[in-house]
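The structure under discussion appears below in the form of C-alpha cells.
The values are calculated or read from the model by the stated rules, or taken from the named source; none is laboratory data. The structure presented is a predicted model; accordingly, all values stated were derived computationally and were not measured. Please note: Cβ atoms are built from the backbone with ideal geometry, for glycine as well, and neighbour counts cover all protein chains shown.
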Amino acid sequence: MTPRDRPSSQAPPTCAAPGCTQTLAPQPTGRPGRYCSASCRSRAQRARQRAQAPVSVEVDVGSASSKGRHPSRSWMVRLRRGPDSVIVAIGLPRPAAERLAAHIADLLEAR
Ligand SMILES: [Zn+2]
C-alpha cells in the first residue's frame, strides 16, 4: 500500500460552502470548522434557506415594463423563491395574467 492509497480522511478537510475549495486550517481546540471564512458560512446559510423556500407565483402590475403600454395590458406574472424571482410574462391584461398564474400554481402543486 503506497501513501497515495491512504483513505481520504488523510486529506485536509475543505470548506463546505458551495463552490469553495479552500482547505481548512487545523483547529487546535474545539470542533473543526466547516467553512474557511465567515463569508463562506453566511453564503452557505443563504443557499440552504433558498433551497428550502417554497416557490410561489405572483401576479403584479409591471412598473418599468408597463411604460408606454395601455394600463389594461400592464400585468405581469412572476415566480418567486425566497429573495429570488423570475418574471415569466409581461404586458398581459389582468385576466390573462391570472389564468397563467393559476396554471403555474397548478403545475407547482402537482409535484
Ligand atoms: Zn470557503
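The table for this structure:
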read-out: Near pairs, Cβ below 6 angstrom, 6+ apart or cross-chain, from the range 92-111 (free of Cβ contacts under 8 Å to residues at least 24 places away in the same chain) to any residue that is not hydrophobic (A, V, I, L, M, F, W, C) and not in a loop (DSSP other than H, G, I, E, B); value: PRO93/SER72; PRO93/ARG73
read-out: So ARG99, is it part of a strand (DSSP E or B), modelled with pLDDT of 80 or more, charged (D, E, K, R) and outside the structural domain of ALA17 (by TED's automatic domain parsing); value: no
read-out: Output for the range 70-95, where each listed residue is in a helix (DSSP H, G or I) and either touching a Ser or Thr at 6+ places or on another chain (Cβ under 7 Å) or surrounded by 15 or more Cβ atoms within 10 Å (Cβ to Cβ) (or both); value: ARG73
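Table: residues versus (1) within 16 Å of the ligand (Cβ to nearest atom); (2) at positive phi; (3) at pLDDT below 85.
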site: THR2; (1), (2), (3): no, no, yes
site: ALA16; (1), (2), (3): yes, no, no
site: THR23; (1), (2), (3): yes, no, no
site: THR29; (1), (2), (3): no, no, yes
site: ARG43; (1), (2), (3): yes, no, no
site: ARG46; (1), (2), (3): yes, no, no
site: ILE90; (1), (2), (3): no, no, no
